[in-house]
Protein chains: 2
Amino acid sequence: MSQPFTPKPNPSVEQDQFLTILSREEAIARFEAALFPRQLPSETRLLADALGRALAEDVVAPIDVPPFDRSNVDGFAVRSADVAHAGEAAPVQLALNGETISCGTAPTLPVLPGIATAIATGGPVPRGADAIVMVEHTQPVGHDAIEVRRAASPGQFVSYAGSDIARGEALLRAGAIVGSREIGMLAACGIAEVLVTRRPRVAIVSTGDELVQPGEKLRPAAIYDTNGAIVTAAIAENGGDAAFLGAIADNEAMLEAAMRKALADSDMLVLSGGTSKGAGDVSHRIIARLGKPGIIAHGVALKPGKPLCLAVCDGKPVVILPGFPTSAMFTFHDMIVPVLRRMAGLPPRSDAKVAAKVPVRIASELGRTEFVMVSLVEGADGLIAYPSGKGSGAITSFAQADGFLKIEALADQLPAGSDAEVTLFTPHVRVPDLVIVGSHCTGLDLVTAPLAHAGLVVRSIAVGSLGGLAAAKRGECDLAPIHLFDDKTGTYNAPYLADGLELVPGWRRMQGIVFRKDDARFVGLSAEEAVRAALADPACIMVNRNQGAGTRILIDRLLGGHRPDGYWNQPRSHNAVAAAVAQHRADWGMTIAPVALASGLGFIPLAEEHYDFALVTARKQRPAVQAFLDALASGEGRAALTAAGFRPA
Amino acid sequence: MSQPFTPKPNPSVEQDQFLTILSREEAIARFEAALFPRQLPSETRLLADALGRALAEDVVAPIDVPPFDRSNVDGFAVRSADVAHAGEAAPVQLALNGETISCGTAPTLPVLPGIATAIATGGPVPRGADAIVMVEHTQPVGHDAIEVRRAASPGQFVSYAGSDIARGEALLRAGAIVGSREIGMLAACGIAEVLVTRRPRVAIVSTGDELVQPGEKLRPAAIYDTNGAIVTAAIAENGGDAAFLGAIADNEAMLEAAMRKALADSDMLVLSGGTSKGAGDVSHRIIARLGKPGIIAHGVALKPGKPLCLAVCDGKPVVILPGFPTSAMFTFHDMIVPVLRRMAGLPPRSDAKVAAKVPVRIASELGRTEFVMVSLVEGADGLIAYPSGKGSGAITSFAQADGFLKIEALADQLPAGSDAEVTLFTPHVRVPDLVIVGSHCTGLDLVTAPLAHAGLVVRSIAVGSLGGLAAAKRGECDLAPIHLFDDKTGTYNAPYLADGLELVPGWRRMQGIVFRKDDARFVGLSAEEAVRAALADPACIMVNRNQGAGTRILIDRLLGGHRPDGYWNQPRSHNAVAAAVAQHRADWGMTIAPVALASGLGFIPLAEEHYDFALVTARKQRPAVQAFLDALASGEGRAALTAAGFRPA
């Protein structure tokens, strides 16, 4: 929601709403107490359309399965007493009564003493018979008799009526999820339709004028609506019938009308959006008018997810998710999915948990439960859980995590080296085959593409060159991509390698100055001339790079001690530099050629950066590492890098 | 398929088809080699409609996310250099430039030295600014200035462009399954539709005149088509687009026409039905004409599943499943699902495995791989895997199993007490809360209903009274329902209890003689008179019960040494006795009153049977056991038992 933003710089007023903040456990308890128990609506569905649904009532078997005593083999129905002493040396001759019982044929003649009836697998055992002799254990005698060469015991090769499913037994219980196996049992009893819990209808409304729906053109300052799509999909994944109503314009009357209609048509309403505090207020005011009891929790002592709002309006749950995507998705999974599944008659999700070691210290705020999204990699002594460094504003913090760990409200940190229990987002942990921790480059995606397409899981964790080196030294990755310039030797990378690491040459990335192509101040200049021109114009603003970046060293050399306007704007990536210049937030900066090209910026080449790999020698013989080295050296790999503007080493 | 069945009693001819039997591994290898690699057809789908599908191509991020440097808090965009030394004791005053940046608002004014711009969470950082000061750390100074009371470092509370997703990075790889998290990443980049692998269209045809579709009336000698429904559902569960074409009449020309049309419209054809050997021949003959290379494996050294037929016709898989439901479903999951998932672009199912002990010896045939469906219960020292005793002809062997264990082709048995690895059918094992092993009774379902509805998992394994007692003595169950008459004492059950077991009284079941209500020979007689009447009529056939059944003792007493016709027909359940009489396969037998009632038979009461529980004392305090005892003693439980014809003890 983008209400015109008016900062309220008075902390005492601003903090008011947090007086009602509940603990996560208290918020869950109050929310569920206001919703359950409740009668779940049900509907009758054909078997095939009931897949994945919860049965709304017990199903009692209406018939015996099989419905009659059935032959399990092809052969002859006999009286076991007649052939009790039959054998190879003492064959017993039985007359055939002329009847042949196929599947589906009801016998008409009884099996009298000394008589046999031909019967197929699945055929009903005729009156008088109590056993089946396999055709393989008989010999024909003319056309109307057989010799039986093996004894038969009573009941041999007979499946008795009701031995699979007995009429009157509780076949399935209310609450059972209808899968293919349940459908098999129901079909076997002749049941064609079942009463299932109706899927809860959930309306999803995005709020915020800054939101543009995927597929549409992005305006300046606007962002794509992520939460609308992901919440809609997550509702479908958890038994709901999701209706995404799009983003509602930023107008209290229109929003209230939309919310009232959505709630009238649905069993649940989920609002997403509203990253700013002021924005949320409108939705809260409306909810207070929608029905009783209204807001249950406004703010939860939970990270990510503090701004979550839980309400119940005349028996229906109404939720305002936090605007930050990872906050929205984590709270949705943690607190809304359990309610949704219960409304759908589904059992709680049973999340798998694994033990892992945390390689770095994670700070946490006292007084609120914190959940940290983590990626798992295989270390020397078991799993290692890397916290996502991107924060709750990033969708990838949630979407690329394997799971999460919990820091209790009373702890202010998780020390490096801690053992943690990681709750997985998927039933099984798929540990990556190749782990790359360090500086990321789009060239890396090109080299790992054949591995990914061969079914190998490649995980690349972007922590910068120094972070990668540290991980490699600890043996937590296979490869650390680095581009570290050593001032003393005037060379890249090699001086930084410790024992146990070896250098694998990667490729060169041309660094240079970017500017908008229509900026006459820079057109046609060399790098040195461009910097002189920039320094000469007080209106000209630069964008720098973060301390420690190889590019930063180059920039500082070029500036020779100058600190022009924009020097303190220090983003951490080549892409951010290009975006700043393209969006007029800065006029020049330094990035690499492929990024300049993709951004449509002018580019003045300056010097090549060496993007190489610190390989953990102990892991060199792993098949995935070998596959990576092969891909890097391959003609296809080198051609792809060259086409993208890199120069393979 | 119910071709008129003609037994061929010549073993040498009959064995011919088995000459080509392949091992399971060889059959899988040949089948997959004939199908893969192959080009998978793809289609473009909207995000919401792509849920669960496999991406058909890599997706490269087309934009940076966020697209601009974004404020993470409500506050003021500043130059960090201006407030580098700000503090409570040394507030820094900045002038407001009058602009307020909401979400979605593009800044128009730069932040010059000494100036600040109000900015909301999610707003784009304006030109000149390099940090955000939280509103909480400021104080208003009139209407057009603020005091900043805390220092800000460069980049504070800024999320740089591309820090979540960088333009040009490989966002998702071909083969990735689109879940809500992937949808989130795609939506964040503004992607509204994706190229996914098209779901393989699979036609399912049931064959066999004996098959009746669920919902229709069951003819005598007919059975319901189980495999059609379960295979259709299992295909949907594994990424296929299933089209069930119903049961095709038993006519070679019609079947061929149906198979040709189905194959032309589909990517795969699955035939099910044909329990008899002769029946299958027709389908095989047709497949040989459908396309090259034709049949790959006809008969696999596998149990259950030996009659499985695998074919590839002009590049499309054609499968004839065994007719027995558990054979059909096991082979479908073991050999067809992997092919189906690969055609759908999905990864192999990752089946969870658990270790368990096998309490009984399981015999196996040398020379073929045997898979044994098992139910898991918690024992004193870990999981115990009970083999299903029902065989491959029963759907419940598969449908009620938790998983299966494997006996290698070279082993002829798995000894009692073996450690086995059980492959689960579902990702997590849900060990039952209450385990009841022994004789089953529909009254038991009534007593356990409230437990099931409260979410407890109750497992009842029917192994008869003596089998239940043995399990209870080994501590493998909580309760063993028994009805064992002791001739010596003339009492039920108590004399059979060993140390560590205690008797919980259950209910009485009235046993008596059943007959068809229109059978004048029995109407109005006492039990003794009825047996005398039966013995007097040589055309009258009885149905007995198995040795060891309590009812059998009663029958033998009544017969007083006589062995009338039908004596050797010895089914194992009350239901089978009723079915035999109702279906004219026998004229009288002994069963319990509720079963007689459900079957619409005449009933002559004779004596009450005591259905009690041997409770494992060591498990008595378990909550589920207590819940069971409560339900048994409750007024509702007793009323339900009484209404169903039982007499609570």
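The values are calculated or read from the model by the stated rules, or taken from the named source; none is laboratory data. In this text, all values refer to a predicted model and were calculated from it rather than measured experimentally. Neighbour counts are summed over all protein chains in view; Cβ atoms, including those assigned to glycine, are modelled from backbone coordinates with ideal geometry. Only protein heavy atoms, including side chains, enter the accessible area calculation; ligands, DNA and RNA are left aside. Shrake-Rupley method; radii C 1.70, N 1.55, O 1.52, S 1.80 Å.
Observations, loosely collected:
- Residues that are among the aliphatic types (A, V, I, L, M) and open to solvent by less than 40 Å² (accessible area, probe 1.4 Å) were ranked within region B:459-469; the one that is farthest from the other protein chains (Cβ to nearest Cβ) is B:LEU469.
- For region B:343-401, a residue qualifies if it is within 14 Å of chain A (Cβ to nearest Cβ), open to solvent by 30 Å² or more (accessible area, probe 1.4 Å) and in contact with a Ser or Thr (Cβ under 8 Å, 6 or more places away or on another chain), and the qualifying residues are B:ASP351, B:LYS353, B:SER388, B:LYS390, B:GLY391, B:SER392, B:GLN400.
- The residues in region B:151-166 that are facing another protein chain (nearest Cβ under 7 Å) and either more than 29 Å from A:ILE461 (Cβ to Cβ) or not polar (S, T, N, Q) (or both) can be counted, and the count is 8.
- Residue selected from region B:402-413 under the condition without any contact (Cβ under 8 Å) to a residue 60 or more places away in the chain and touching an Asp or Glu at 6+ places or on another chain (Cβ under 9 Å), by the criterion most open to solvent (accessible area, probe 1.4 Å): B:GLU408
- Answer residue from region B:96-108, given it is more than 15 Å from B:VAL135 (Cα to Cα) and surrounded by 19 or more Cβ atoms within 10 Å (Cβ to Cβ) and is farthest from the chain's Cα centre (by Cα) among those: B:ASN97
- Restricting the search to strands (runs of 3 or more DSSP E) fully inside region B:231-346 and requiring at least 3 residues that are at pLDDT 90 or above gives B:241-248, B:268-273, B:293-298, B:309-313, B:316-320.
- Residue in region A:147-164 that is farther than 30 Å from B:ASN546 by Cβ and either out of contact with any His (no Cβ under 9 Å at 6 or more places or on another chain) or among the β-branched types (Val, Ile, Thr) (or both) present: no
- For the condition touching a residue at least 60 places away in the same chain (Cβ under 8 Å) and open to solvent by less than 40 Å² (accessible area, probe 1.4 Å), B:VAL231 qualifies.
- Residues of region B:376-399 that turn out to be among the polar types (S, T, N, Q) and at pLDDT below 90, as a count: 2
- Among the candidates A:GLU169, A:GLU210, the residue that is facing another protein chain (nearest Cβ under 7 Å) and either of a type in the set (Val, Ile, Thr) or open to solvent by 20 Å² or more (accessible area, probe 1.4 Å) (or both) is uniquely A:GLU169.
- Summed over region B:624-649, the residues that are touching a residue at least 40 places away in the same chain (Cβ under 8 Å) and closer than 26 Å to B:ASP499 by Cβ give a count of 7.
- Test: residue in region B:474-484 that is of a type in the set (Lys, Arg) and outside any loop (DSSP other than H, G, I, E, B): no
- Subset tally (residues that are open to solvent by less than 10 Å² (accessible area, probe 1.4 Å), out of contact with any Lys or Arg (no Cβ under 9 Å at 6 or more places or on another chain) and in contact (Cβ under 8 Å) with a residue 24 or more places away in the chain) for region A:281-303: 3
- Hits in region A:421-449 - residues which are surrounded by fewer than 22 Cβ atoms within 10 Å (Cβ to Cβ) and away from chain B (no Cβ under 11 Å): A:GLU421, A:THR423, A:VAL431, A:PRO432, A:ASP433
- Selection of region A:347-368 for residues being at pLDDT 90 or above and either in a strand (DSSP E or B) or within 17 Å of the chain's Cα centre (by Cα) (or both) yields A:LYS353, A:VAL354, A:ALA355, A:ALA356, A:LYS357, A:ILE362, A:ALA363.
- Of the helices (runs of 4 or more DSSP H) lying entirely inside region B:557-649, the ones with 3 or more residues being within 14 Å of chain A (Cβ to nearest Cβ) are found at B:574-582, B:593-599, B:635-643.
- Selection status of B:ARG509, within 14 Å of chain A (Cβ to nearest Cβ) and assigned to a loop (DSSP other than H, G, I, E, B): no
- Among the strands (runs of 3 or more DSSP E) confined to region A:371-436, the ones with at least 1 residues that are under 15 Å from the mean Cα position of the chain (by Cα) are located at A:403-407, A:419-424.
- Among the candidates B:VAL148, B:VAL133, B:VAL111, residue that is under 57 Å from the mean Cα position of the chain (by Cα), more than 7 Å from chain A (Cβ to nearest Cβ) and among the β-branched types (Val, Ile, Thr): B:VAL133
- Among the candidates B:GLN3, B:GLN93, the residue that is modelled with pLDDT under 95 and surrounded by fewer than 22 Cβ atoms within 10 Å (Cβ to Cβ) is uniquely B:GLN3.
- Evaluated against (1) within 7 Å of another protein chain (Cβ to nearest Cβ); (2) touching a strand residue (DSSP E or B) at 6+ places or on another chain (Cβ under 6 Å); (3) in contact (Cβ under 8 Å) with a residue 40 or more places away in the chain; (4) open to solvent by less than 10 Å² (accessible area, probe 1.4 Å), A:ALA174 falls short on exactly one condition, (4).
- Residue within region A:542-553 that is over 17 Å from A:GLY602 (Cα atoms), in contact (Cβ under 8 Å) with a residue 60 or more places away in the chain and open to solvent by 30 Å² or more (accessible area, probe 1.4 Å) present: yes
- Scanning region B:41-89 for residues that are more than 7 Å from chain A (Cβ to nearest Cβ), of a type in the set (A, V, I, L, M, F, W, C) and farther than 30 Å from B:ASP130 by Cα yields B:LEU46, B:ALA50, B:ALA54, B:LEU55, B:ALA56, B:VAL59.
- If you filter region B:213-228 down to residues that are at the interface with chain A (Cβ under 7 Å from one of its Cβ atoms) and either of a type in the set (S, T, N, Q) or not in a loop (DSSP other than H, G, I, E, B) (or both), you find that the one that is most open to solvent (accessible area, probe 1.4 Å) is B:ILE223.
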